[in-house]
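Contents: one structure, followed by commentary.
Please treat every number below as a calculation from the coordinates, not as lab data. The structure presented is a predicted model; accordingly, all values stated were derived computationally and were not measured. A quick note on method: Cβ atoms are made from the backbone with ideal geometry, for glycine too, and the neighbour counts reach across all protein chains shown.
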Amino acid sequence: DAMVRRGKVKGSYSDGEKKLQANQLPASKRQRKAVLPLLPGLSNNPDVSDQRSAWSSAVVPHVVLESPFDPAILADIRAELVSDPDLGLQPIETTHTTVLVFPIAASLEPSTVPPALGQLMGGLQSQSFLKLVEAIAGCGPLLPEPRAALIAMPRGGHWLPHCIEGHSMNAEELGNAVAFALFLTDNWWSSSDGGVVELFGQEGGEAVASVVPRPGALLLYAAGHCCSATPVVTDQAPQLAIHGVFRLRVPPERAAARLAEPRLPARALQISPSEAGGFGEAQRRVLAGLVNGEYLGTQRLATLRQDFEAASQLQMKAFLLDAAIERLSSALKGAEGCGLGRGWHLEGPVRKMRCL
């Protein structure tokens, strides 16, 4: 019952979060500045040599700035966002994600963005903030319009490892893009409350870094690396954060040259049915005892190969026969009981792992 189909967060919250309707806000909050300013120590060319060193030396380049913005202002913003009944959070419930999301597009009209959220994004898009991020990450100039979303995770909310970068990025853009998470949690939040963000290296396996969503903390990390969020345990408040990615500013001449590059059509490499069956009858008989027969037909194999070339991935449902799954499961349990499971580790792309 932690997720509400209408996209609202339910549950009890801390005393500091007053249930104010938008039209009941005091004038001081309705007439707030449009931009959330950085704290004085982080604006005007601050010394970030320590953060730059930490970024460069980490397996997954990342840093955590504990309080780049005024904590009191962030607390007010959080209280307004949590109590806004018309915020329009959209529920996402899949096999790997359970969250509430408010997408933040650069094309949104200011009138459609809650004032509190507009103030937050104004701070994240300010030149002083962009210069701070560029200095820490050692990248080129970043575009001031990040791909971003407000994500709320009530009790049970989580997501499994995935990458948040835009699919339209090429390797060069991705190598210089910077992902971020600005946490808007309560001041009592700790690792025992869940919602811990985990970062994964390019080679897969276990998480190489874990970040507790402390209130007001800002996580910066190299885009292209997968992240996950452990399930939220507390029912006292949602884990709230702005997640997004800043893209590299590409000079106009390079953008034009990229558009002019020839591209190979997705299905340019056609494979004939005679080339698809790369195994003999003896191998086919062995596979027939393991694999669903519908995947062994010559024409089906040709189609699967073409689909794989087009999308670089395949998802084949009911691939193994039930009897094969039972034998495999029994063998794994037997090996585990004999102590053969020690030293096992996860392999494969992190974004395909279904584990926390």
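General observations
- Note that region 125-139 has calculated 3J(HN,Hα) couplings of 9, 5, 5, 5, 6, 4, 5, 5, 5, 4, 5, 6, 7, x, 9 Hz, one per residue in order, obtained from phi through the Karplus relation 6.51 cos²θ - 1.76 cosθ + 1.60 (θ = phi - 60°); glycine and proline are x.
- Here each label is just a point 7 Å from Cα along the line to Cβ, and for residue 235 and residue 320 those points are 3.7 nm apart.
- Packing rank of 208-214, 129-135, where each peptide gets the mean count of other beta carbons within 10 Å, highest leading: 129-135, 208-214
- Peptides 46-52, 282-288, 80-86 ranked from most to least packed, by the mean per-residue count of other Cβ atoms within 10 Å: 80-86, 46-52, 282-288.
- Relative contact order of region 281-331: 43 percent, from C-alpha pairs under 8 Å at least 6 residues apart in sequence.
- When restricted to Cα atoms, region 281-331 yields an Rg and a Dmax of 12.5, 36 Å, respectively.
- If the chain linking residue 96 and residue 282 were pulled fully straight, counting 0.36 nm for each residue of separation and taking away their Cα-Cα distance, it would gain 63.1 nm.
- Here's how it looks for residue 226: its modeled amide H is under 5 Å from those of 200, which are all 5 or more places away or on a different chain.
- Cβ-derived FRET efficiency at R0 22 Å, residue 72 paired with residue 45, nearest 0.05: 0.30
- Zero-based 5 Å bins, Cα pair distances in region 34-106, whole percents: 3, 11, 13, 15, 16, 17, 15, 9, 2, 0
- Debye intensity ratio in log₁₀ form over the Cα atoms of region 48-247, taken at each q of 0.14 Å⁻¹: -0.79
- The H on the amide N of residue 142, modeled in the peptide plane, is under 5 Å from the matching H of 249, each at least 5 residues off or on a different chain.
- The string of couplings for region 46-58 from the Karplus curve (6.51, -1.76, 1.60, θ = phi - 60°) is x, 7, 10, 4, 5, 5, 5, 5, 5, 4, 5, 8, 7 Hz, one whole number per residue in order, with x for Gly and Pro.
- Peptides 87-96, 69-78, 136-145, 114-123 ordered by average Cβ neighbours within 10 Å, highest first: 114-123, 69-78, 136-145, 87-96
- FRET efficiency, residue 329 to residue 295 (Cβ-Cβ, R0 35 Å, nearest 0.05): 0.95
- For residue 104, residues with placed amide H under 5 Å, excluding near neighbours: 148, 149, 150
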